[in-house]
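> Before we start, here is the structure in question, set down as structure tokens.
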Amino acid sequence: MKRALLINPWIYDFAAFDFWIKPLGLLYLASILREHGFEVTLLDALDRKGVESPVPKSDQYGRGNFRSVRVQKPDCLKDVRRHYKRYGMSIENFEDQLERIKPQDMIFITCTMTFWYPGLFEAIRLVKSRFPHTPVIVGGTYSTLCYEHSKRLSAADFVVRGLAEDNLGFLNIRRYANLDALPYPAYDLYPELDYACILTSRGCPYRCTYCASHILFGGLFQRDVKRVVDEIEFYYWQLGVKDIVFYDDALLWRPSQHILKILDEVIRRKIKCRFHAPNGLHPKFFDSELAQRMKKAHFSSVYLSLETSSSCTQMSTGGKVTNQDLVTALENLENAGYSRKEIVVYVLAGMVHQSVKEVLETCLFVNSLGARVHLAEYSPIPGTADWQRITRDGLLDPEEPLLQNNSIFPVWRARHLDHQRIKDFVKVVNYASRFDIRLAELNTI
């Protein structure tokens, strides 16, 4: 029997938090390899429930901090006044686990964020030291969006651009027709599982100027409702998972044909898990029926994607949402039994055409509606319309993915705009929302 080692490497960054992070593509690949006769081993450097002690604490939904250690900052980030860290298991533990793994026929390593590639490079270095004659294949978002960078510098033997199930012909692995044809992700490879992530669809019908979903996945494909609920039921009853996390980019698209049917079936089967959608939900789809169904099905955390309250920016970036959409969504969610204080609205900060004032006004708008603000720090993504403008105007070195790090507000950094003011203001806004204080009425700005 052939053997394959699958690795999810460390995060190298200024900040990281397990906000329901699982290497879903890698787990799909593990199941695919099993279907083709491979014995699969998973080494996840970000598994907080791994063998190291003490285990970091989790909140009620399974989220929590990673172990971390300070490391030297790359030269291009030396001027950033924050500590640069490696998040995940210790290098010593990683090496110990590698030593206990039998010789492998191939090694697959993923990398999500483009600016997390130092973790990938470190993993490649270590596995090549342990298994010098085993081919190393890398994939994931970084390798797709920064393909040439990965080919040139990663030291991998093969670099996969795009979806794994479409690019493994050299292994004599058949192509999978669509998402419904894939086996369930191999969550059984984890000794302990707090939550499971699921895709009910892939892609997005929108073409927002800052987003790469259409580059990574093309158009939108929605799975069969029964297959989705079968998978949820399997995680709930067979794996004992109580928190299900939707990774969809457009979970609510055509709600009567998709999410409403999923929720109805969940209710009918008496599945009592809690649901979360951290990628953000489109406010425009929240009518009374959807809000009530979500509440009944135990949708526990609601994250809404507004991005900005500027109608000009809304239209110029894709036109997927209006302020009235958010107003209506919050009304319907409140009527369904959600407290506005528990609803989180994503506000995007750091885009090339944004002013600090626009972001502050958006935060005030969200506060005026009683919801909480979550600052979504903008990351320039290769291939997007915004990326073309940013690189054309010389605001970013297109050859260095580390400069795409959202934590440093790269575009505003190049424009010498103060992002710390925004972060401080969000703390004030959310504190005010907690006590039902509407800051706009106090003429704060």
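The values are calculated or read from the model by the stated rules, or taken from the named source; none is laboratory data. Because the structure is predicted, anything quoted here is derived from the model rather than measured. Cβ coordinates were reconstructed from backbone atoms using ideal geometry, including for glycine residues, and neighbour counts include every protein chain displayed.
> Quick one: how many residues across region 302-314 are under 19 Å from the mean Cα position of the chain (by Cα) and not hydrophobic (A, V, I, L, M, F, W, C)?
Taking region 302-314 first, the residues under 19 Å from the mean Cα position of the chain (by Cα) are 302-307.
Keeping just the survivors that are not hydrophobic (A, V, I, L, M, F, W, C) gives 303, 305, 307.
Qualifying residue count for the region: 3.
> Would you be able to tell me the number of residues in region 178-201 that are within 18 Å of Val225 (Cβ to Cβ) and at pLDDT below 95?
5
For every residue, the table says whether it meets (1) in contact with a strand residue (DSSP E or B) (Cβ under 8 Å, 6 or more places away or on another chain); (2) free of Cβ contacts under 8 Å to residues at least 40 places away in the same chain; (3) loosely packed, with under 14 Cβ neighbours inside 10 Å.
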site	(1), (2), (3)
Ile408	no, no, no
His419	yes, no, no
Lys423	yes, no, yes
Val426	yes, no, no
Asn430	yes, no, no
Phe435	no, yes, yes
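> Go through Leu26, Leu6, Leu46, Leu33 for me and flag whichever is in a strand (DSSP E or B) and of a type outside the set (D, E, K, R).
On the way: Leu26 fails: in a strand (DSSP E or B); Leu46 fails: in a strand (DSSP E or B); Leu33 fails: in a strand (DSSP E or B).
Being in a strand (DSSP E or B) and of a type outside the set (D, E, K, R) holds for just one of Leu26, Leu6, Leu46, Leu33, which is Leu6.
> I'm trying to understand the selection: among the residues of region 359-375, which are closer than 14 Å to Pro283 by Cβ, touching a helix residue (DSSP H, G or I) at 6+ places or on another chain (Cβ under 6 Å) and surrounded by fewer than 24 Cβ atoms within 10 Å (Cβ to Cβ)?
The one that is closer than 14 Å to Pro283 by Cβ, touching a helix residue (DSSP H, G or I) at 6+ places or on another chain (Cβ under 6 Å) and surrounded by fewer than 24 Cβ atoms within 10 Å (Cβ to Cβ): Leu369.
The rows are residues; the columns are (1) of a type outside the set (Gly, Ala, Ser); (2) more than 22 Å from the chain's Cα centre (by Cα); (3) at positive phi; (4) crowded, with 22+ Cβ neighbours inside 10 Å.
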{"site": "Phe275", "(1), (2), (3), (4)": "yes, no, no, yes"}
{"site": "Asp287", "(1), (2), (3), (4)": "yes, yes, no, no"}
{"site": "Lys296", "(1), (2), (3), (4)": "yes, yes, no, no"}
{"site": "Ser300", "(1), (2), (3), (4)": "no, no, no, no"}
{"site": "Ser316", "(1), (2), (3), (4)": "no, yes, no, no"}
{"site": "Leu330", "(1), (2), (3), (4)": "yes, yes, no, yes"}
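> Restricting to region 246-273, count the residues that are over 27 Å from Lys320 (Cα atoms) and of a type in the set (Lys, Arg).
Taking region 246-273 first, the residues over 27 Å from Lys320 (Cα atoms) are 265-273.
This time we only want the ones that are of a type in the set (Lys, Arg), so: 268-270, 272.
Total meeting the criteria: 4.
> Of all strands (runs of 3 or more DSSP E) completely enclosed by region 84-195, which ones contain at least 2 residues that are among the aliphatic types (A, V, I, L, M) and touching a residue at least 40 places away in the same chain (Cβ under 8 Å)? Give the derivation first.
Values: elements: 85-87, 106-110, 136-139.
In region 84-195, the matching strands (runs of 3 or more DSSP E) lie at 106-110.
> Whether any residue in region 88-110 is on the phi > 0 side of the Ramachandran plot and surrounded by 14 or more Cβ atoms within 10 Å (Cβ to Cβ) is what I want to check. Spell out how you get there, then give the answer.
Pass one, region 88-110, residues on the phi > 0 side of the Ramachandran plot: 88.
Checking which are surrounded by 14 or more Cβ atoms within 10 Å (Cβ to Cβ) leaves us with 88.
Yes, region 88-110 contains a residue that is on the phi > 0 side of the Ramachandran plot and surrounded by 14 or more Cβ atoms within 10 Å (Cβ to Cβ).
> Does Pro205 fit the bill of being surrounded by fewer than 16 Cβ atoms within 10 Å (Cβ to Cβ), assigned to a loop (DSSP other than H, G, I, E, B) and at pLDDT 95 or above?
Numbers: surrounded by fewer than 16 Cβ atoms within 10 Å (Cβ to Cβ): yes; assigned to a loop (DSSP other than H, G, I, E, B): yes; at pLDDT 95 or above: yes.
Yes, satisfied.
> Could we say that Glu441 is of a type in the set (D, E, K, R) and either in contact with a Gly (Cβ under 6 Å, 6 or more places away or on another chain) or modelled with pLDDT of 90 or more (or both) here? Steps first, answer last, please.
Numbers: of a type in the set (D, E, K, R): yes; either in contact with a Gly (Cβ under 6 Å, 6 or more places away or on another chain) or modelled with pLDDT of 90 or more (or both): no.
Judged against the criteria, Glu441 is not a match.
> Additional query: All but one of (1) surrounded by fewer than 18 Cβ atoms within 10 Å (Cβ to Cβ); (2) of a type outside the set (Gly, Ala, Ser); (3) under 24 Å from Ala385 (Cα atoms) hold for Gln292, so report the exception by its number.
The failed condition is (3).
> Related question: Quick check, is Tyr210 buried (at least 18 other Cβ atoms within 10 Å of the Cβ) and either at pLDDT 95 or above or of a type in the set (D, E, K, R) (or both)? So that I can check it myself, show each step before the final result.
Details: buried (at least 18 other Cβ atoms within 10 Å of the Cβ): yes; either at pLDDT 95 or above or of a type in the set (D, E, K, R) (or both): yes.
Yes; evaluated as a whole, the condition is true for this residue.
Table: residues versus (1) within 16 Å of Ala291 (Cα to Cα); (2) under 25 Å from the mean Cα position of the chain (by Cα); (3) not acidic (Asp, Glu).
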{"site": "Ala349", "(1), (2), (3)": "no, yes, yes"}
{"site": "Lys357", "(1), (2), (3)": "no, no, yes"}
{"site": "Glu361", "(1), (2), (3)": "no, no, no"}
{"site": "Leu364", "(1), (2), (3)": "no, no, yes"}
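> From the set of residues in region 1-17 that are under 18 Å from Arg63 (Cα atoms) and surrounded by fewer than 22 Cβ atoms within 10 Å (Cβ to Cβ), which is farthest from the chain's Cα centre (by Cα)?
Ala15
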